[in-house]
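Written below as structure tokens is the structure these notes are about.
Coordinate-derived values only; no laboratory data. Computed from a predicted model, the values in this text were never measured in an experiment. Using ideal geometry, Cβ is built from the backbone for each residue, glycine included, and neighbour counts are taken over all protein chains shown.
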Amino acid sequence: MDVVKFLLPMPCMQCVYFGNAITQYNRMTEGTLEEKMAYYAALPKPWYKVVTRQEEKYAKEVHDALYERFPDLYEFDRSYAEGIEIHQKGSGKGACMEWVVQNSNTPIRTTIAAGDYENDISMIRYAQIGCAVENAIDAVKQAADKITSANTDDAIARIIEDMDKAR
């Protein structure tokens, strides 16, 4: 839990996800650094993702500090303006999509991905058809093959309709 220990004194909260898909949330808003470390040390292992939430004005600072400290161990993707996802190198959404394709018992003819933030870029690049929603950040739009309606405006339904029309 080296990354969590590193995060504790920073201006953010952490939510740790474990292999059994049960979410543990840092309920310790009070307490010493030692008490918080004991709390995290008692949580189940291994973790597969840590999500931080901080005020948007601190997000770049937290992201950059993480990258500087752990450049070879983890990937750090903003998942929304105030959120950062931390996971093992090569275990992002793109790698997960690749695993599903390679391990499916049914042939997959076409892969499609849609997203709006940094944590979606690897998946959008891996997919045969990568879509950015209209309200995505610029980096996602640049990685995408096409841009669809906003995620608040039935983007997935629009993608399906567009594919159906193209047949």
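Return one number: the angle in degrees, 0 to 90 and rounded to the nearest 10, between the long axis of the Cα atoms of helix 155-166 and the longest principal axis of the Cα atoms of the chain. Orientation of helix 155-166: about 20 degrees from the principal axis. Taking only Cα atoms, what is the 0 to 90° angle, nearest 10, from helix 56-69's long axis to the longest principal axis of the chain? With both axes taken from Cα atoms, the answer is about 80 degrees.
Qualifying trypsin sites (Lys or Arg not before Pro) in region 109-141, where qualification requires a DSSP coil assignment and no more than 15 other C-beta atoms within 10 Å, comprise Arg109. Extending 7 Å from Cα along the Cβ direction at Lys165 and again at Asn105 yields two label points whose distance is 3.7 nm. Other residues whose C-beta falls under 11 angstrom from the C-beta of Ala132 contribute a net charge of -3, scoring Lys and Arg +1 and Asp and Glu -1.
3J(HN,Hα) along region 117-131: 9, 3, 5, 9, 4, 4, 5, 5, 5, 6, 4, 5, 10, x, 10 Hz, from the Karplus curve 6.51 cos²θ - 1.76 cosθ + 1.60 with θ = phi - 60°, whole Hz, x for Gly and Pro.
Please return the longest range in the chain lying between exposed loop sites, taking GluC sites (Glu not before Pro), DSSP loop only, at most 14 other beta-carbon atoms within 10 Å, and leaving the sites out. Could you put the intermediate results ahead of the total?
On the way: sites that count: Glu30, Glu55.
Between the exposed loop sites, the longest stretch runs 56-167.
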